[in-house]
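Readers should treat all values here as calculations from the given coordinates under stated rules, not as data from a laboratory. Computed from a predicted model, the values in this text were never measured in an experiment. All Cβ positions, glycine included, derive from the backbone under ideal geometry; neighbour counts span all protein chains shown.
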Amino acid sequence: MQNRYEHKNRRKYNLKVHIVLVTKYRKRLLTNGMDTFLKRACSYLADQNRWNIIAIETDIDHIHILLEYDTTERICDIISILKRHTTHYLWIRYKACLSRQYWKKRIFWSDGYFACSIGEVSSATIEKYIAEQG
């Protein structure tokens, strides 16, 4: 049986969270390559912050991410980083499209989010669910 826990210093843990982010006003924007670009941006941010994305998939107006993280991280900080930086990257790449949708300010995500910690037993179920999105 493979070890399913991380070991760092005097810590032993297995922390996973299922995150769902929704576009502002549920705009159906995650199509025509913007979805692929968003997934790449999230993967880049995960690498930079030493998170592990287990599964990631988009639908036309939201993204699901199953992510492993360290005990020193807070979920609200992870989500803040994801939302802030992906919004910035998307506006750089898709300014013409996004300025027609959000003309007052540079926004992309709704104010809220869904986050649910998961147990080891349901990880495969959530991975399957995320893989079937879109």
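From least to most packed, judged by other beta carbons within 10 angstrom and beginning with the fewest, Leu45, Leu66 follow the order Leu45, Leu66. Relative to the dominant Cα principal axis of the chain, helix 34-49 is inclined by about 40°. Over all Cα atoms in the chain, the spread is summed up by Rg and Dmax: 15.6, 54 Å.
The modelled label-to-label distance between Arg106 and His85, using points 7 Å beyond Cα along the C-beta direction, is 1.6 nm. Annotation: extensible slack from Gln133 through Arg28 equals 36.4 nm (criterion: 0.36 nm per residue apart, minus Cα-Cα distance). Here the label points at Tyr13 and Arg74, each 7 Å from Cα along the C-beta direction, are separated by 1.4 nm in the simple model. Rounded to the nearest 10 degrees, the inclination of helix 75-93 to the longest alpha-carbon principal axis of the chain is 40 degrees. Over the chain, Cα pairs under 8 Å with separation of 6+ residues give a relative contact order of 37 percent.
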